[in-house]
Amino acid sequence: MLYLTSDNFPIFVPFGVIGFYRYLWYIIRIIASFTYQPVPLPENPTYVASEDVTIIVPTIDAGDEFKEAAHSWLKGSPKEILIITEDKMRAPLQALADSVDPAKIRVLTVPFANKRLQMAHGIKHANTDIIVFADDDALWPPTMLPYILACFEDQKVGGVGTSQRVQPTGKRMTVWEVLAAFRLTIRNIEIASSTHIDGGIPCLSGRTAAYRTVILKDPEFIHGFTHDYWLGKYQLNSGDDKFLTRWMVSHGWSTYVQCCKEAELLSTMKPNWRFLKQVLRWTRNTWRSDLRSLFMERHIWTAHPYVAYTMVDKLFNPFTLLVGPCLVSYLVYKSTVSVAEGGYHLPWWNVIVSYFVWLMATRTAKLLPHLWHTPEHIIYVPAFILFGYYFSIMKIYALLTLHETGWGTRAGIGDPTLATEAAARAPSDSLGSSPPPSAGSSSSSSGPRAYTSALEKGGSPYNAGNPFHGGTSFNAHAPGLNIPTARTAYPDSGMTPSPSSGAAFFPANSSSSEHGHGSGSGSGYGHGHHQGRPVELRSMR
């Protein structure tokens, strides 16, 4: 190839720069992922799974894999597991739940299958400080919940994610499952490095993610979550994890990811070509969410600049990747033309072989963290290369079809608009039908900062002059030093108060974040605050 460059060296310079740039940043990510450290378990934990954790599992067709997953969740001793399904699936899922642990597992229903409405319904019935969302096939190690809860010792943390691996559906992985495993290995490196570099992450994966209940109980969040529209007219059902992650950023909460064996879940993937449908759905969700984060909400630029950079990089990635085969095609053509007529010296087959060797070497190096543990998967590197080019074309197709909001891989999930309307007609305990906060109401974005300052000066949050007294709004979404418990923050939700040594006035709904914005999801809901309610400030155990 060096001999080939002597024919027309300048044409190779920009491609060499692109290659150097991409692999330089990959090396930086590798170094950052190796220097990343998970949050260790505290000696005296504030949160205990048996008292403070509700697991919410939205599903419509859980099978035998649900039993195995449920047993793995119960090893962490959560207070309760809520299975949320559609009305017609209640009986079979109740039978499954009863066969595992009827004392700890409850089955609740919504009129129609809609993941976001199911999640919202589960939030309504949760009465613990922490909610963990999980897929119905997510297998956890026994140490999962303690390691997740360790991150919440930092009261600025609002959401926590985990690392992931693929669980084979059969005795051996299919090529589709291996491709998924390659992708998850790369993802684990990316989220560990971004967490280490600037504390951010593009997405807290919905396979398993934990959040503070006080954030999710906010009526503004519920309304935005269940009335999320792309371009104002295409209602979204999937992409729930993207919405939640953006909400954390736009409302001033930190996130963290526990990338370690103690908090690494196993998840099944489609073992056949339907895996491509999954990838297409994920890709559309990524396009929508990243475009919103970068150009509509824009909090990501200041909160997590490195994550913003990775999002921009992904916007151009499919185009830069396709430059390679385009250049090789041009070189092959030039190699078939005689030198006297302006052709190149090397024969066409030399160009193709050189390119293939380069691809095999670089892609194998990129997959070394995976191949180190499963070297037998090296035979799938060529399939990974082909998938990479297919994925680039798919990303462009996904960009042009962002109006397609269907699930794609699960039957029974229909029009999200019809499901939302059905929920609105249902009894009032469906959170998906909650109205948005009153438009035009005022709220204070200085509440958490003023609260933090008062505590640092040794003051009391109960003084008449503090920002919570006299009806001034406190921002429930941005983090302060003390987080109210879910059991008392929303007394109308059916929760029972726990013993309290004191109470401060805390509004049932405050909408403006530290940055003065909502989620920017395009749902058009307003911002405001409501009359304060007494709330316990959680004491450290």
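For region 275-328, what does the alpha-carbon gyration tensor say about shape, rounded, prolate or oblate, given a ≥ b ≥ c as the root eigenvalues, a/c under 1.5 as rounded, and a/b over b/c as prolate?
oblate
Evaluated at 4 °C with a viscosity of 1.567 mPa s, what Stokes-Einstein diffusion coefficient in µm²/s does region 152-256 have when Rh comes from the Kirkwood expression over alpha-carbon pairs?
Roughly 84 µm²/s, to the nearest whole number.
Pop out the ³J(HN,Hα) list for region 322-339 in order, Karplus 6.51 cos²θ - 1.76 cosθ + 1.60 with θ = phi - 60°, rounded to Hz; leave Gly and Pro as x.
6, 4, x, x, 5, 5, 4, 4, 5, 5, 4, 4, 5, 6, 8, 9, 5, 4
Under the 0.36 nm per residue contour assumption, what length would be gained going from the current alpha-carbon distance of LYS67 and ILE378 to full extension?
108.7 nm
What is the packing order of peptides 375-383, 209-217, 196-204, taking the mean over residues of other C-beta atoms within 10 Å and listing the highest first?
Descending packing order for the listed peptides: 209-217, 196-204, 375-383.
Points 7 angstrom from Cα along the Cβ direction at LEU327 and VAL357: gap in nanometres?
Taking the two extended label points, one gets 1.7 nm.
Among the listed pairs LYS88/LYS124; LYS217/LYS261; LYS171/LYS242, which have their C-alpha atoms separated by more than 23 angstrom in this model?
Table pairs above 23 Å Cα-Cα are LYS217/LYS261; LYS171/LYS242.
Please list 283-291, 157-165 highest first by mean number of surrounding beta-carbon atoms within 10 Å per residue.
157-165, 283-291
Which distance in Å, rounded to a whole number, links the C-alpha centroids of region 213-246 and region 308-357?
Cα centroid of region 213-246 versus Cα centroid of region 308-357: 43 Å apart.
For ARG172, project a label point 7 Å along Cα to C-beta. Then give me every residue of region 350-392 with its amide nitrogen under 15 Å of that point.
375-381
Under the Karplus relation 6.51 cos²θ - 1.76 cosθ + 1.60, θ = phi - 60°, what is the ordered set of whole-Hz ³J(HN,Hα) values for region 344-354, x standing for Gly and Pro?
Ordered by residue, 3J(HN,Hα) equals 9, 6, 5, x, 4, 5, 5, 5, 5, 4, 4 Hz.
Taking the radius of gyration and the Kirkwood hydrodynamic radius from Cα positions alone, what is the Rg/Rh ratio for region 327-385, to two decimal places?
1.21
Once you have a ≥ b ≥ c as the square roots of the Cα gyration tensor eigenvalues for region 107-197, tell me rounded if a/c is under 1.5, and otherwise prolate or oblate according to whether a/b is larger than b/c.
Taking the square roots of the gyration eigenvalues as a ≥ b ≥ c, region 107-197 is oblate.
Rounded to the nearest 0.05, what FRET efficiency do VAL48 and ALA103 give with R0 = 25 Å and r taken as the Cβ-Cβ distance? Could you check?
Computed FRET efficiency for VAL48 and ALA103 comes out at 0.85.
Figure the gain on full extension for LEU386 and TYR234 (residue separation times 0.36 nm, minus the Cα-Cα span) and round it to one decimal in nm.
Between LEU386 and TYR234, full extension yields 51.5 nm more.
Rule-based calculations on the coordinates, nothing more; no lab input. Just so it is clear, the structure is predicted and the values come from calculations on it, not from any experiment. Heads up, the Cβs are rebuilt from the backbone with ideal geometry, glycines too, and the neighbour counts pull from every protein chain shown.
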